Amino acid sequence: MFRWAPIAMVRITAFLIAGILAAIYFPRQLPTFLLPAIIAAMLLAYFVIAAIQQKQQFAIPLGFIGLLAIGLLGYQLVSLRTAANHSAHFMHSSDSIHYYLAVVRSVPIKKIKSWKLVADIKAIKSSKWKATEGKVLLYIAKDSIPLSWKYGDQILVRGAPARLRGPTNPGEFDYQRFLSFQNIYHQQFVRQNQIQWISTAERKGFIFYSHQLRAWASLQLNRYVQDPQARAIASALVLGVTDDVDDELLNAYAASGAMHVLAVSGLHVGIIYALLLFLLKPFSKFRGSVWLIAGVSLICLWGFAFVTGLTPSVLRAVTMFSFVALARPFAQRTNIYNTLAASAFALLLYNPYLIMSVGFQLSYLAVLGIVYLQRPIYSVWDVKTRVGDWVWQITCVSLAAQIATFSLGLLYFHQFPVYFLVSNLFVIPLSTAVLVMGIVLLGLSFIPAMAVLIGKLLSLIIYLLNQTVFLTEQLPYSLISDVYITTLQCWLLMGVCLGVLWIFEWKSLYSLYGAIVCGVLFSTGQWIHYDFKVRKEQWIVYAVNGHRAMDFISDRQTFFVADSALMADTEKIRFHIRPNRLIHGVRQIQSDTVLSFRTKGLYVTLWNQRLIVHICRPNDTVPRIANADYVVVSHNALNYKNIRKEQIGMIVLDGSNTRNYCNKLIKFARQNQIPIHSVLHQGAFTLTESK
């Protein structure tokens, strides 16, 4: 008991997290009175056990009862914070929705053909208006939304939000589940005649003025940083706005291991806090200075959060460092692990779904890695020179953070930057300079001459930063990409890392055994995956709305069939198609012309002794000389009159067909007992075979 007493808050937070995860993975809506009843029963059991212990010689860990109560609290929090459980949510309305009144709750994000924003629905109209609640994700055609829309503006929308669908292709990112953690279950695509601005915000609270300040700050950066690429990086580093960062630059930052600097989070807030401690160090000799430093730090940190628009990632990081700042006056009675656990506890009480946020997981793991590993790694080498010591400190911080987070990086991003140690030696100092100079620019923007000078200096620093990133990306083998692991394997990798670390700390053979067991289980999982996925041959027709897309996968290569528009759309390929290729270990992509040949306007493929006919143009028909095992239809090309039942084994409708056409053809096929699969209705069509 005494051994764990100094980190009591860690245990409390761990049980809260366990309760939250249990509720997320094993959901069950509980009555609101159940938790108080259980806690009351536990308290009664506590006193009964205490009375028994006074008469008998055995000990029961009474604190465990309290920890179980914390776990139940976490379980109940998820139920209470899940909007779908609220009876007032518009999804529970039995009437059809014709109109709804909503309030803008996010800054519009610029997409290729639309603007994306989140809105709170306040009332719906069917036969009459009715007050309600719930969030909706709106995609608005670019020519229909004025850029002057602000947080809190009221809008009127015609039509009904559609329920978000789950993934329709193998391995595809579950966007529905991701948004459900933000209590968003519906979306709607609207045009100019479907949406109308009603009024400005009725109540202008902190978030409204924070968004206004962020817009002003963005305007100042745009005014004084002339180079478009430098301006995009400045907005990303200072304000967390990444809308204007192009794909080439994003890929370069990812490949060099510097992607973390483009999202305002723990790194940026930590830099600001460290700078504040440095600037306030002269006051440390005065009485009560610890409280003065803590107070000034809190004001500055939350001021920075206010300027960046109070975005979730910044709020999370500022909350974490606020607990660190408040803990400093109690340095003799607290430790950093309790402080971090307390900040996580507070955040999860406010929003238990934060535990599923990638940013939350990476932030806390990175900080824990730095706290736990940086000092031991640093002590390995005693560098005598000041410059060498500074370089070694940055290296130790980067290495500690990477060790703690690399397994999550493989799970979520499927890649590992090889030269992260080299790039961070330059990226961290340069990004720190960009952040500081950006804040100074905003502070001195009322002096145009100074602002212009700082803007030019800022552009120069960003140019050096970008060149560093591009040079690192161009190094041979700069990125290990296309790595696929499961969630269980991610945990096993963490187990290997902890086991190896504990071998040196505890000098215990059990740590060695644990690391070996985790390593063996990880390798076994890889072999099973290779045998059941990579060694298989697969033909798949993807579900990509508006496009035709097929892969013929064999021996880590694929023959790709797609229209030219999809071929040029790297974002859709990355989202819909690349996950399945990762699962099957695809390393090489070839043209479909290797497999297919064209005859009478049709594409014909012989795959594993199966004849596949691809009809792309109207009036094309299945050749009468052969029976097709599968007929793939694109662009509404197949006419009902041209179908001969005895010639077709199965019809597959790809994503380029309209939903109305698919409905008619499905009805016809079922009436004539022809097997049919529509990817728009059923998701991707797959046919997998062993070699």
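Quick notes on this one:
- Taking the criterion of being surrounded by fewer than 20 Cβ atoms within 10 Å (Cβ to Cβ) and over 19 Å from I198 (Cβ atoms), the residues of the stretch 108-125 that qualify are I109, K110, K111, I112, K113, K116.
- Taking the criterion of being part of a strand (DSSP E or B), hydrophobic (A, V, I, L, M, F, W, C) and modelled with pLDDT of 85 or more, the only residue of the stretch 586-605 that qualifies is I589.
- Among the numbered conditions (1) small (G, A, S); (2) under 30 Å from V452 (Cβ atoms); (3) out of contact with any helix residue (DSSP H, G or I) (no Cβ under 8 Å at 6 or more places or on another chain), the only one that S199 does not meet is (2).
- Selected residue (criterion: surrounded by the fewest Cβ atoms within 10 Å (Cβ to Cβ)) from residues of the stretch 606-644 that are polar (S, T, N, Q) and modelled with pLDDT of 75 or more: Q609
- Of residues in the stretch 171-201 being β-branched (V, I, T) and buried (at least 16 other Cβ atoms within 10 Å of the Cβ), the one farthest from Y139 (Cα to Cα): I184
- Screening L465 on (1) free of Cβ contacts under 8 Å to residues at least 60 places away in the same chain; (2) farther than 30 Å from V496 by Cβ; (3) aliphatic (A, V, I, L, M) shows it passes everything except condition (1).
- 3 or more residues at pLDDT below 70 and touching a Leu at 6+ places or on another chain (Cβ under 9 Å): qualifying helices (runs of 4 or more DSSP H) within the stretch 1-120: 34-53
- The set of residues from the stretch 455-495 being within 14 Å of V418 (Cα to Cα) and of a type in the set (S, T, N, Q) comprises T472, Q474, S478, S481.
- Tally of residues being under 30 Å from R223 (Cα atoms), hydroxyl-bearing (S, T, Y) and outside any helix (DSSP H, G or I) across the stretch 444-495: 1
- You will find that of I293, I299, I271, the residue that is under 23 Å from V324 (Cα atoms), of a type in the set (V, I, T) and crowded, with 18+ Cβ neighbours inside 10 Å is I293 and no other.
- G309 satisfies every condition listed in (1) under 24 Å from F345 (Cβ atoms); (2) in contact with a helix residue (DSSP H, G or I) (Cβ under 6 Å, 6 or more places away or on another chain) except (1).
- Members of the stretch 356-378 found to be within 30 Å of Q176 (Cβ to Cβ), surrounded by fewer than 20 Cβ atoms within 10 Å (Cβ to Cβ) and of a type outside the set (V, I, T), listed by number: M356, S357, G359, Q361, L365
- Among the criteria (1) at pLDDT below 90; (2) within 29 Å of E473 (Cβ to Cβ), the one Y412 does not fulfil is (1).
- Against the conditions (1) of a type in the set (S, T, Y); (2) more than 30 Å from R578 (Cα to Cα); (3) within 21 Å of the chain's Cα centre (by Cα), T487 satisfies every one except (2).
- Evaluated against (1) surrounded by 19 or more Cβ atoms within 10 Å (Cβ to Cβ); (2) outside any helix (DSSP H, G or I); (3) more than 27 Å from the chain's Cα centre (by Cα), G309 falls short on exactly one condition, (3).
- Contact map, the stretch 95-107: residues that are surrounded by 15 or more Cβ atoms within 10 Å (Cβ to Cβ) paired with residues that are among the acidic types (D, E) and outside any strand (DSSP E or B), Cβ distance under 9 Å, separation 6+ or inter-chain. Pairs shown: V103/D153; V103/E202; V104/D153.
- Residue, farthest from the chain's Cα centre (by Cα), within the stretch 531-541, restricted to residues that are closer than 20 Å to N169 by Cα and part of a helix (DSSP H, G or I): F532
- Residue under evaluation R287, criteria (1) modelled with pLDDT under 90; (2) in a helix (DSSP H, G or I), criterion not met: (2)
- Residue match in the stretch 346-355 (condition: closer than 18 Å to L16 by Cα, assigned to a helix (DSSP H, G or I) and free of Cβ contacts under 8 Å to residues at least 12 places away in the same chain): yes
- For the stretch 270-282, the count of residues that are assigned to a loop (DSSP other than H, G, I, E, B) and more than 25 Å from L471 (Cβ to Cβ) is at least one.
- Within the stretch 399-424, tally of residues that are more than 22 Å from the chain's Cα centre (by Cα) and under 22 Å from V238 (Cβ atoms): 2
- Taken together, the residues in the stretch 404-452 that are hydrophobic (A, V, I, L, M, F, W, C), within 20 Å of I271 (Cβ to Cβ) and free of Cβ contacts under 8 Å to residues at least 24 places away in the same chain amount to 2.
The values are calculated or read from the model by the stated rules, or taken from the named source; none is laboratory data. If you're wondering where the values come from, they're calculated on a predicted model, not measured in any experiment. Every residue, glycine among them, receives a Cβ derived from its backbone with ideal geometry; neighbour counts consider all protein chains shown.
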